[in-house]
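Chemist: Sharing a structure with you now.
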Amino acid sequence: MQLSVIILNYNVRYFLQQCILSVQSALQGIESEIIVVDNNSPDDSCAMVKEFFPEVTLIENNENTGFPKGNNIGVAAAKGKYICILNPDTVVSNDTFIKALDFAGKQKDLGIVGVKFIDGTGNFLPESKRGTPTPWVAFTKVSGIYRFFPGWAVFNKYYAQHLKESSVGKVEILTGAFMIMERELYLNVGGFDEGCFMYSDDVDLSYTVLQKGRSNYYFSGTTIIHYKGESTVKDGTYMKRTIFLSI
């Protein structure tokens, strides 16, 4: 099997449904599987998956295990050569997996591949590519000083601005909302650190992969929508409207 897509879900039924639909469309012609790991959602996420997507592997946790452990559970059940860690509040393009896998297969030092993110209104999300958040790099981000010196590399490492959003190249940190890598590498580095602080797990995994002598890549050849902070919205009408306006 070429690819396993792992979607960790918690209480975002409508986003999850749209995400799975987009993933199924993008997996046409690829030997693949979709694994949904549900972290004990109080909504009807699991019932929805069972009703509308019986072919999807559903793992129902009896507690909210968190992001790292939930994804590690999904990868442990995966059979693909490659895995894709994917947030439920995303919509992938029809060409996302074909192009990303083709790019991944050409890299001799492959670590993690990330792609171009846009928000629900079509704006580029700069966190698609990032640098290691050293104290200085974190200061330039938190203080906003990077905005005043757009051409100065020393001030613009947080969002890896040595690469334009339309470029392709090596970066240090990629976002956990979408990561493609070889399953064997994921297991060899121990996956996501289950003792990691909240929101730093993708930084930790990206950095650990770099320490193994691999390279992480930002690939702008395909685009996904990431709704980010909107994942608390539960209204189906709103969800359908925003999907329609964004594509």
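The values are calculated or read from the model by the stated rules, or taken from the named source; none is laboratory data. Just so you know, these numbers come straight off a predicted model, no measurement behind them. Methodologically, a virtual Cβ is constructed for each residue, glycine included, from the backbone with ideal geometry; neighbour enumeration extends over all protein chains shown. Each accessible area value is taken on the protein alone, full model and side chains, heavy atoms only, with ligands, DNA and RNA left out. Shrake-Rupley method; radii C 1.70, N 1.55, O 1.52, S 1.80 Å.
Chemist: Please compute the length gained on full extension between Glu51 and Phe124, using 0.36 nm multiplied by the number of residues separating them and subtracting their Cα-Cα distance. Walk me through the numbers on the way to the answer.
Modeler: Working: separation 73, 0.36 × 73 = 26.28 nm, distance 3.44 nm.
Additional length available on full extension: 22.8 nm.
Chemist: Quick one: what Rg and Dmax do you get for the range 33-101 from the alpha carbons, in Å?
Modeler: Final numbers for Rg and Dmax: 12.7, 36 Å.
Chemist: Ordering His162, His226 from largest to smallest accessible area (1.4 angstrom probe), what's the sequence? Write down the numbers at each step before the final one.
Modeler: Numbers: His162 130, His226 15 Å².
Solvent-accessible surface, decreasing: His162, His226.
Chemist: Further question on the same structure: For the pair Lys212 and Leu187, how long in nm is the line joining their label points, each one 7 Å along Cα→Cβ?
Modeler: 1.2
Chemist: How much FRET efficiency would the formula 1/(1 + (r/R0)^6) give for Thr132 and Asp102, where r is the Cβ-Cβ distance and R0 is 30 Å, rounded to 0.05?
Modeler: Details: r = 28 Å, r/R0 = 0.92.
Step by step, r from the Cβ atoms, then E = 0.60.
Chemist: Let me ask another. Obtain the nm distance between the two label points defined at Asp95 and Ile30 by a simple spin-label model: each point lies 7 Å from its Cα along the Cα-to-C-beta direction.
Modeler: 1.4
Chemist: A further question on this structure: Given a 1.4 Å probe and heavy atoms of the protein chains only, how would you sort Leu21, Leu58, Leu27, largest accessible area at the top? Display every interim value, and only then the final one.
Modeler: Numbers: Leu21 80, Leu58 45, Leu27 15 Å².
From most exposed to least exposed: Leu21, Leu58, Leu27.
Chemist: Now for a separate question. What FRET efficiency do you get for His162 and Asp109 if R0 is 25 Å and r is their Cβ-Cβ distance, rounded to the nearest 0.05?
Modeler: Values: r = 18 Å, r/R0 = 0.73.
Taking R0 as 25 Å, the efficiency between His162 and Asp109 is 0.85.
Chemist: In nm, to one decimal, how far is the Asp43 label point from the Leu58 one, both placed 7 Å along Cα→Cβ?
Modeler: Distance between label points: 1.5 nm.
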